[in-house]
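Only one structure is covered here, and it is reproduced in the block below.
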Amino acid sequence: MIAIIDYGMGNLRSVSKALEYLGASCKLCSKGKDLARATKVILPGVGAFGDAMKELRSRGFIEPIHELVARKTKLMGVCLGLQLFFEKSEENPGVKGLGVFQGAVRKFRSTGVKVPHMGWNDLKVLKKHPLLEGIPNGEYFYFVHSFCGKPAARSLTLASCRYGREDFSAVIGNDHVFATQFHPEKSQEAGLRILKNFIRW
């Protein structure tokens with residue numbers, strides 16, 4: 001069963017509908033204890049870093065998420081979910097993130113571009129990963145964000161994207177945690193391919 005973390009700020013329905021369309025069994029989980037039986041977990045998100053961490057904490061998700069990471073349960077973050085995996089964010093200084101990945105979330109530095117970065121943009125695939133199987137270099141995905149994660153370890157960046165004069169980490173991951181800054185559930189066939197890969201992972 002794929003658990004979708006419901007902390008009141010995610011694009012839950014579109015994610016769950018996409019998974020159901022692909023034939024997966026999924027469940028919305030509004031309390032940390034609900035994750036105990038999950039075989040895979042998705043952390044979606046839309047909104048502010050600080051508000052999201054407050055909601056995750058109040059609903060008892062922090063420790064269960066850390067336990068999932070320790071057990072190497074397959075975990076996927078989407079948009080704000082990717083950012084929450086980091087230690088901190090410029091959006092809300094002083095607020096601790098989940099710390100799954102070392103590094104920080106920062107605002108776009110490029111001048112002359114609109115923020116938020118909203119719309120379709122292409123990926124530069126840098127490394128092979130099971131969730132990027134079948135995704136060619138230059139494939140387009142749908143983004144909506146004003147901040148981007150910067151991993152301390154460059155090896156965590158699986159695919160990058162250019163916005164203005166700036167390259168940012170559009171996909172990060174390792175052998176059990178994977179996250180996209182774009183919305184796969186809103187990215188048509190290419191996005192569904194990534195979700196299908198997650199189901200099979």
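Since every read-out is calculated from the coordinates, none of them should be taken as a lab result. Computed from a predicted model, the values in this text were never measured in an experiment. Cβ coordinates were reconstructed from backbone atoms using ideal geometry, including for glycine residues, and neighbour counts include every protein chain displayed.
Per-residue extension of 0.36 nm, minus the Cα-Cα distance of Val115 and Gln102, leaves a gain of 2.2 nm for this segment.
Dipole size of segment 142-201 about its Cα centre, with +1 on Lys/Arg Cβ and -1 on Asp/Glu Cβ: approximately 60 debye, rounded to the nearest 20.
Which value, in debye to the nearest 20, describes the size of the charge dipole of segment 2-200 about its Cα centre when Lys and Arg Cβ atoms bear +1, Asp and Glu Cβ atoms bear -1, and nothing else is charged? Intermediate results must be reported in sequence, preceding the final value.
Values: 30 positive and 18 negative charges, 44 e Å.
Taking the Cα centre of segment 2-200 as origin, the dipole is about 220 debye.
In terms of the mean number of neighbouring beta-carbon atoms within 10 Å, the peptides 121-129, 184-192 order highest first as 184-192, 121-129.
Among the listed options [x] 1.04; [y] 0.99; [z] 0.93, the one matching Cα Rg over 2.2 N^0.38 Å as calculated from these coordinates is [z].
For Ala159, nonlocal amide neighbours, meaning residues 5 or more places apart or on other chains whose placed amide H falls under 5 Å from its own, are Leu126, Ala170, Val171.
According to the Cα gyration tensor, what semi-axes, each the square root of 5 times an eigenvalue, does the equivalent ellipsoid of segment 23-118 have, listed from largest to smallest in whole Å?
Details: eigenvalues 133, 45, 30 Å².
With the √(5λ) rule applied to segment 23-118, the semi-axes are 26, 15, 12 Å.
Which links in Lys33/Lys54; Lys31/Lys107; Lys17/Lys186; Lys40/Lys150 stretch past 20 Å when you go from one Cα to the other? Over 20 Å apart, Cα to Cα: Lys31/Lys107; Lys40/Lys150.
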